[in-house]
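The values are calculated or read from the model by the stated rules, or taken from the named source; none is laboratory data. Computed from a prediction, not measured in an experiment: that's the story for all the values here. Cβ placement follows ideal geometry from the backbone for every residue including glycine, while neighbour counts extend to all protein chains displayed. Surface areas here come from the heavy atoms of the whole protein model, side chains and all, with no ligands, DNA or RNA. Shrake-Rupley method; radii C 1.70, N 1.55, O 1.52, S 1.80 Å.
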Amino acid sequence: MPIFMDRHYLEGTSAAEVAQAHRMDIDIQDRYGVKFLTYWFDERRGTAFCLVDAPDMAAVQCVHREAHGFVANEIVEVALSAVEAFLGRINDPDPAPGQSPQMDPGHRAILFTDIVGSTEMTARLGDRMGTELVRAHDAIVRRCLGKNSGREVKHTGDGIMAAFAATTAAVECAMAIQQEFQHYNGGNNSQPLHIRIGLDCGEPVEDSNDLFGSTVQLAARLCAAAASDQILVSENIFREYGATDVFAHATRRRLKGFSKPMLVFQCDWTNASRQLS
């Protein structure tokens with residue numbers, strides 16, 4: 001059967017009420033031949049998401065309607081691999097002994113890296129050396145992801161897409177990545193590596209064609225718009241990170257695929273590095 005993810009707008013509803021609704025779905029799911037795998041709830045934003053193995057969208061809505069009346073506002077078909085890569089699980093988490101499971105809001109920050117001039121670099125140095133430099137990039141980025149609770153979603157050929165549960169971790173990872181490349185380039189490397197990074201944050205189920213549509217798209221566009229050794233972040237990242245002194249040079253830019261100019265902030269990672277030292 002296909003896998004669906006739905007979104008509910010539940011402003012004013014408590015986490016306990018959403019947990020009870022999930023249990024009520026499970027109680028009657030067999031009547032409609034569906035299986036509710038897990039859910040996420042962001043009480044601050046009033047949004048809930050359910051992951052469901054079902055014959056069709058109508059069956060999902062029937063269970064919600066009969067169980068508790070909280071029908072979904074949106075439903076899209078998804079791939080389990082994409083859900084697990086982005087949100088980290090596809091089943092209800094097992095609580096620690098004597099504890100209730102911790103609520104996951106389903107809000108994620110997305111980070112893209114891109115090697116500057118990778119095509120020209122490969123043409124100049126050859127496939128073998130070009131591949132070695134991509135491997136060096138991958139090692140640095142993955143090491144920083146590991147230290148900042150980031151999860152690699154996919155490799156893009158000359159960059160990496162990663163997801164974070166916390167916006168602060170995503171920004172700090174981006175700064176750490178640039179600092180690591182600065183250190184790498186300061187060594188005895190005949191071929192320096194320069195990268196650009198883009199960041200946005202949001203929630204899944206943005207549209208029917210892409211599970212994480214606009215969040216992923218904006219992070220990718222910001223990465224493409226960044227200059228060498230630069231980190232560009234969205235207004236969402238700026239608002240959620242909290243430390244505004246890390247960001248500078250706010251401008252409105254037209255980005256491919258977005259009808260309106262987007263407010264873009266530059267992350268001053270070199271200044272942050274001096275402050276940390």
- Task: Any chance you could run the full-extension gain for residue 244 through residue 184? It's 0.36 nm times the residue separation minus the Cα-Cα distance, nm to one decimal.
- Result: 18.8 nm
- Task: May I ask you to order 220-229, 118-127, 45-54, 29-38 by the average number of other C-beta atoms within 10 Å around their residues, highest value first?
- Result: 45-54, 220-229, 29-38, 118-127
- What are the residues whose amide H is under 5 Å from the amide H of residue 47, where those residues sit 5 or more places off or on another chain and H is modelled from the backbone? 10, 42
- Accessible area expressed per residue, segment 1-124, with surrounding protein chains retained (probe 1.4 Å, Å²): 49 Å²
- Query: Which residues' amide hydrogens lie under 5 Å from the amide hydrogen of residue 264, considering only partners 5 or more residues apart or on another chain, with H built in the peptide plane?
  - Reply: 251, 252, 253
- Task: Per DSSP H run of at least 4 residues, take -39500 (n - 2.57); add these up for the chain, divide by its residues and hand me the 222 nm value, nearest 500 deg cm²/dmol.
- Result: -12000 deg cm²/dmol
- Quick one, could you list the DSSP H helices from the chain stretching 24 Å or more along their long axis (Cα atoms) with average Kyte-Doolittle hydropathy of -1.0 or above? 127-147, 167-185
- Query: What FRET efficiency, computed as 1/(1 + (r/R0)^6) with R0 = 25 Å and r the Cβ-Cβ distance, is obtained for residue 81 and residue 271, rounded to the nearest 0.05?
  - Reply: 0.05
- Query: Based on the Cβ-Cβ distance from residue 65 to residue 14, what FRET efficiency comes out when R0 is 25 Å, to the nearest 0.05?
  - Reply: 0.75
- Query: Which distance in Å, rounded to a whole number, links the C-alpha centroids of segment 213-277 and segment 1-58?
  - Reply: 33 Å
- The percentage of the accessible area of segment 1-129 (probe 1.4 Å, all protein chains present) made up of carbon and sulfur atoms, to the nearest whole number, is 51 percent
- Query: If you take the square roots of the eigenvalues of the alpha-carbon gyration tensor of segment 32-84 and sort them as a ≥ b ≥ c, do you get rounded (a/c under 1.5), prolate (a/b over b/c) or oblate?
  - Reply: oblate
- Message: When a/c reaches 1.5 or more, the comparison of a/b and b/c decides; with that in mind, is segment 1-97 rounded, prolate or oblate per its Cα gyration tensor?
- Response: rounded
